[in-house]
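Report on the following structure.
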Amino acid sequence: MIPPVSPLSPATLSPERRELREAAQGFEAIMVRRMLASARAASFAEDTPLTGGGMEQFTAMRDEHLAEIVSKSGALGFARSIEERLAQHLSGQGEA
């Protein structure tokens with residue numbers, strides 16, 4: 001697995017900053033899932049036996065897993081940007 005891009009490792013973060021990082025990564029994962037869902041909605045594929053409820057559930061689970069991987073890897077950088085911007089508002093933090 002690719003480590004987070006941020007130079008601060010989770011072990012060196014304060015509890016507040018760790019929560020902020022997790023929230024920012026969660027938000028990025030939501031954005032990635034939405035982007036994947038939008039891209040999939042634009043599909044021109046016809047309904048087939050392989051496009052039923054089971055396949056939709058598998059696709060949703062796959063998209064969720066991919067979104068989690070992307071957000072934790074820092075590949076898009078949304079979470080890092082959100083975390084750094086909001087960390088400025090944490091009181092008494094010398095980590096930003």
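Results, tabulated for the structure shown:
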| item | result |
| --- | --- |
| Residue that is surrounded by 14 or more Cβ atoms within 10 Å (Cβ to Cβ) and out of contact with any strand residue (DSSP E or B) (no Cβ under 8 Å at 6 or more places or on another chain), where the choices are Arg85, Arg80 | Arg80 |
| Enumeration of residues in region 24-40 that are closer than 9 Å to Ala79 by Cβ and small (Gly, Ala, Ser) | Ala24, Gly26, Ala29 |
| Where a residue in region 73-96 is closer than 16 Å to Ala23 by Cα and outside any loop (DSSP other than H, G, I, E, B) and its partner, wherever it lies, is modelled with pLDDT of 90 or more and among the charged types (D, E, K, R), with Cβ under 7 Å and at least six apart | Phe78/Glu28; Ala79/Glu28; Glu83/Arg21; Ala87/Arg17 |
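The values are calculated or read from the model by the stated rules, or taken from the named source; none is laboratory data. Everything quoted here is computed from the prediction, not taken from an experiment. Cβ atoms come from the backbone with ideal geometry, glycine included; neighbour counts cover every protein chain shown.
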